[in-house]
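Handing you this structure, nothing more for now.
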Amino acid sequence: MKVPEWPETVFIALPKKQGTAKFEEHRTIALIPHAMKILNKVTYNRISTHLNEQLNPMQYGFRPKVGTIESITALKTILANRINSKQDTYI
(Lines give C-alpha, C1' and ligand atoms only; values in the text may rest on other atoms or scores of the structure.)
Protein backbone atom coordinates (compact mmCIF):
# COMPACT_ATOMS: atom_id res chain seq x y z
CA MET A 1 0.00 0.00 0.00
CA LYS A 2 1.37 3.41 -0.95
CA VAL A 3 1.40 6.41 1.36
CA PRO A 4 -1.29 8.94 0.30
CA GLU A 5 -0.24 12.30 -1.11
CA TRP A 6 -1.44 15.59 0.45
CA PRO A 7 -4.99 15.77 -1.01
CA GLU A 8 -5.45 11.99 -1.27
CA THR A 9 -7.51 9.77 0.98
CA VAL A 10 -7.28 6.00 0.73
CA PHE A 11 -10.47 4.04 1.45
CA ILE A 12 -10.21 0.47 2.68
CA ALA A 13 -13.10 -1.98 3.00
CA LEU A 14 -12.74 -4.25 6.03
CA PRO A 15 -14.95 -7.35 6.23
CA LYS A 16 -17.30 -7.55 9.23
CA LYS A 17 -17.39 -11.33 8.82
CA GLN A 18 -14.47 -13.50 7.73
CA GLY A 19 -14.48 -14.61 4.10
CA THR A 20 -17.45 -12.55 2.96
CA ALA A 21 -17.80 -11.17 -0.56
CA LYS A 22 -20.99 -9.15 0.04
CA PHE A 23 -20.60 -5.38 -0.04
CA GLU A 24 -23.07 -4.90 2.86
CA GLU A 25 -20.87 -6.99 5.13
CA HIS A 26 -17.89 -4.65 4.89
CA ARG A 27 -16.98 -1.56 6.91
CA THR A 28 -15.14 1.25 5.13
CA ILE A 29 -12.38 3.23 6.77
CA ALA A 30 -10.55 6.26 5.37
CA LEU A 31 -6.81 6.79 5.76
CA ILE A 32 -6.24 10.55 5.74
CA PRO A 33 -2.83 12.24 6.07
CA HIS A 34 -2.31 14.04 9.41
CA ALA A 35 -1.84 17.43 7.73
CA MET A 36 -5.22 16.97 5.98
CA LYS A 37 -6.91 16.09 9.28
CA ILE A 38 -5.54 19.27 10.85
CA LEU A 39 -6.64 21.38 7.86
CA ASN A 40 -10.12 19.77 7.99
CA LYS A 41 -10.45 20.55 11.70
CA VAL A 42 -9.34 24.18 11.30
CA THR A 43 -11.71 24.67 8.36
CA TYR A 44 -14.60 23.05 10.23
CA ASN A 45 -14.06 25.26 13.30
CA ARG A 46 -13.99 28.44 11.21
CA ILE A 47 -17.09 27.53 9.20
CA SER A 48 -19.12 26.23 12.15
CA THR A 49 -18.48 29.43 14.15
CA HIS A 50 -20.00 31.55 11.38
CA LEU A 51 -22.82 29.10 10.67
CA ASN A 52 -23.92 28.96 14.32
CA GLU A 53 -24.24 32.75 14.29
CA GLN A 54 -26.47 32.55 11.17
CA LEU A 55 -28.77 29.72 12.33
CA ASN A 56 -32.13 30.31 13.95
CA PRO A 57 -31.97 29.72 17.73
CA MET A 58 -34.83 27.26 17.30
CA GLN A 59 -32.69 25.04 15.02
CA TYR A 60 -32.04 21.84 16.95
CA GLY A 61 -29.75 18.94 16.22
CA PHE A 62 -26.41 18.85 14.42
CA ARG A 63 -25.17 21.71 16.60
CA PRO A 64 -22.99 21.52 19.71
CA LYS A 65 -24.96 21.59 22.97
CA VAL A 66 -28.28 21.97 21.11
CA GLY A 67 -29.73 18.53 20.56
CA THR A 68 -33.13 16.98 20.20
CA ILE A 69 -33.48 16.57 23.98
CA GLU A 70 -33.63 20.36 24.31
CA SER A 71 -36.34 20.58 21.62
CA ILE A 72 -38.40 17.83 23.26
CA THR A 73 -38.09 19.60 26.62
CA ALA A 74 -39.17 22.91 25.05
CA LEU A 75 -42.16 21.26 23.35
CA LYS A 76 -43.17 19.52 26.58
CA THR A 77 -43.03 22.82 28.47
CA ILE A 78 -45.11 24.63 25.84
CA LEU A 79 -47.72 21.86 25.78
CA ALA A 80 -47.93 21.73 29.58
CA ASN A 81 -48.47 25.52 29.75
CA ARG A 82 -51.18 25.39 27.08
CA ILE A 83 -52.95 22.48 28.79
CA ASN A 84 -52.83 24.27 32.16
CA SER A 85 -54.33 27.42 30.64
CA LYS A 86 -56.96 25.30 28.80
CA GLN A 87 -55.91 26.50 25.34
CA ASP A 88 -56.29 24.44 22.19
CA THR A 89 -53.02 23.27 20.73
CA TYR A 90 -52.47 22.00 17.21
CA ILE A 91 -49.30 20.33 16.04
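The values are calculated or read from the model by the stated rules, or taken from the named source; none is laboratory data. Quick caveat, the model's predicted, so the values are computed rather than measured. Positions of Cβ are backbone-derived with ideal geometry, glycine not excepted, and every protein chain shown enters the neighbour counts.
Is it fair to say K76 is free of Cβ contacts under 8 Å to residues at least 40 places away in the same chain and within 27 Å of E8 (Cα to Cα)?
So K76 fails the test.
Continuing with the same structure: What's the total number of residues in segment 33-44 that are free of Cβ contacts under 8 Å to residues at least 24 places away in the same chain and surrounded by 10 or more Cβ atoms within 10 Å (Cβ to Cβ)?
8
Criterion first (of a type outside the set (S, T, N, Q), surrounded by 10 or more Cβ atoms within 10 Å (Cβ to Cβ) and not assigned by TED's automatic domain parsing to the domain that holds I78) does V66 satisfy it?
no
Being among the charged types (D, E, K, R) and not in a helix (DSSP H, G or I) is the filter; apply it to segment 19-43 and report the residue that is farthest from P7 (Cα to Cα).
K22
Can you pull out the residues in segment 16-50 that are closer than 16 Å to P64 by Cα and modelled with pLDDT under 85?
Once the filter is applied, which keeps residues that are closer than 16 Å to P64 by Cα and modelled with pLDDT under 85, segment 16-50 yields only T49.
Another question about this same structure. Looking at E8, E53, can you tell me which residue is loosely packed, with under 11 Cβ neighbours inside 10 Å and either acidic (D, E) or in the same structural domain as G67 (by TED's automatic domain parsing) (or both)?
That would be E53, the only listed residue that is loosely packed, with under 11 Cβ neighbours inside 10 Å and either acidic (D, E) or in the same structural domain as G67 (by TED's automatic domain parsing) (or both).
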